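For reference, the structure is listed below as structure tokens.
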Amino acid sequence: MRKFNVTVNGKTYSVEVEETGASAPVAAPAAAPAATAAAPAPAAPAGGTPVKSPMPGVVRKLAFVNGAAVKAGQPVVVLEAMKMENDIVATADGVITYAVEVGANVETDAVLAYIK
């Protein structure tokens, strides 16, 4: 048995945990919050140039509306990663169609938008 002190909402609890071995399955705690399903991404235009996320993060701002004309190098998405906001720029000239929404969690190389 191993003993731990756990603080939840300012109240400290003393708990004992038994180690059962490496082959035992690990169960999720009963109070674990349910994961939220990600919203489906809009359909991508055929043949568009993708704008990809260079890092994992949270989409904080979409700089244009879908269908707006953009120039290569213009910031098109603000991505928060490690408490810093990063401008993600257009990779080509054209019309932008976003593949994500504000608040979406994205991984490295996730497609944020297409430019056609």
Among the aspartates and glutamates, which have Cα under 15 Å from the Cα of K116 when same-chain residues fewer than 8 positions away are ignored? D93
I want the local charge near G48. Using Cβ-Cβ distances under 14 Å, sum +1 for each Lys or Arg and -1 for each Asp or Glu among the other residues. +1
Under 5 Å from the placed amide H of R60, counting only residues 5+ away or on other chains, we find V78, L79, E80, G103
Amide H contacts under 5 Å for K52, placed H, 5+ residues apart: L112
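Using R₀ = 30 Å, calculate the FRET efficiency as 1/(1 + (r/R₀)^6) where r is the Cβ-Cβ separation of M55 and V95; round to 0.05.
Working: r = 26 Å, r/R0 = 0.85.
It comes to 0.70.
Quick one: which of 91-103, 64-76 comes out on top by average Cβ neighbours within 10 Å, and what's the full order, highest first? Working shown, then result.
Numbers: 91-103: 17.2, 64-76: 13.7.
Top of the packing list down: 91-103, 64-76.
Since every read-out is calculated from the coordinates, none of them should be taken as a lab result. None of the values given here were measured: they were computed from a predicted structure. No Cβ is skipped: glycine too gets one built from the backbone with ideal geometry, and neighbour counts run over all protein chains shown.
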